Amino acid sequence: MGFLSTFVKREKTAEHHLDDPQTTVHHGEIIKNKVFLRKIYIDWYNFLLKETPNLPEGKIVELGSGGGFLKELLDMPFEEESLSAIFMIDVLHHIPRCDLFFSEAQRTLKKAVKLL
């Protein structure tokens, strides 16, 4: 028995594959129903939102919050330098070709403005 298993009850998700949209829905329900997990996510999103005034004007995209069909990420429907930010939580390990994702992210994100 590992250290975390002493404190955290493992939820059964064997009926759904990890990348199945129903697994995402199930995990969302777990997070919403567990006060501690919900607080962690709310704190994290509040931290990210607190930084948005420092971003260049533009769209903010969250990846991985729903079914997340990764093949659609490889050809983002965004113009070059049209995004202010891409928010991702617990997503990167699901992307099979991170090199392609980062290439598209670099293409679509606005260039950072150097603050003095």
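Computed quantities for the displayed model
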{"quantity": "Long-range amide H partners of I95 with built H, under 5 Å", "calculated": "none"}
{"quantity": "Amide proton proximity set for F87, modelled H, under 5 Å, gap of 5+", "calculated": "V61, E62, L63"}
{"quantity": "In sequence order, calculated HN-Hα J values of the stretch 35-41 (Karplus, 6.51, -1.76, 1.60; Hz; x Gly/Pro)", "calculated": "3, 5, 5, 4, 5, 4, 5"}
{"quantity": "Alpha-carbon Rg/Rh ratio, for the stretch 23-67, with Rh computed the Kirkwood way", "calculated": "1.06"}
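Since every read-out is calculated from the coordinates, none of them should be taken as a lab result. As the structure is a prediction and not an experimental result, all values here were calculated from the model.
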